[in-house]
Amino acid sequence: MTCLDIVRHAPAVANAIGATLVPLAVLGTHEATEAAASQWRQVLDELAYGMERSVRTHLVATLALLQTTLASPSWALRRQAALGLATVANLAGTCTRCTTGPQRK
């Protein structure tokens, strides 16, 4: 069973593992092959809350995975992580409530 199948056929499970699934999907949307990247985009699109809200909800976990991946010895993974960070930054630019820590007054 793939992650896309889990999202489609077991949405409660997908939501329960969202802190793992969303960061992987953000990274996966930048796979080198279009077929793989397309499946990961579908995962993000079909999550119960949609891509923007899912990434916002799991922002800390997503940034943690992307940061770890940036340190990978594989240039392909580093590229994916950098593009993933760009995706998160673009989403944060459209969202006024995205933060990685406590709000300052």
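Laboratory data are not the source of any read-out in this text; all were calculated from the coordinates shown. Note that this is a predicted model, so its numbers are computed, not measured. All Cβ positions, even for glycine, are placed from backbone atoms using ideal geometry, and neighbour counts span all protein chains on display.
What percent does the relative contact order of segment 3-93 come to when contacts are Cα pairs within less than 8 Å and at least six residues apart?
Working: 100 pairs, mean separation 26.9, N = 91.
Worked out over segment 3-93, it gives 30 percent.
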Most fluctuating residue given options 85, 27, 44, as computed from a GNM of the chain linking Cα atoms under 10 Å: 85
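Pulled fully out, how much extra length does the chain show between residue 24 and residue 49, if you take 0.36 nm times their separation in residues and subtract their Cα-Cα distance?
Details: separation 25, 0.36 × 25 = 9.00 nm, distance 1.62 nm.
Additional length available on full extension: 7.4 nm.
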Full-stretch length increase - residue 42, residue 82 - with 0.36 nm per residue and alpha-carbon distance subtracted: 12.4 nm
Residue 33 versus residue 74: modelled label distance in nm, points set 7 Å from Cα along the beta carbon direction: 1.3 nm
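Using the Cα centre as the reference, give the magnitude of the dipole from point charges on the C-beta atoms of segment 3-93 (Lys, Arg: +1; Asp, Glu: -1; all else neutral), rounded to the nearest 20 debye.
Details: 6 positive and 6 negative charges, 44 e Å.
Roughly 220 debye, rounded to the nearest 20.
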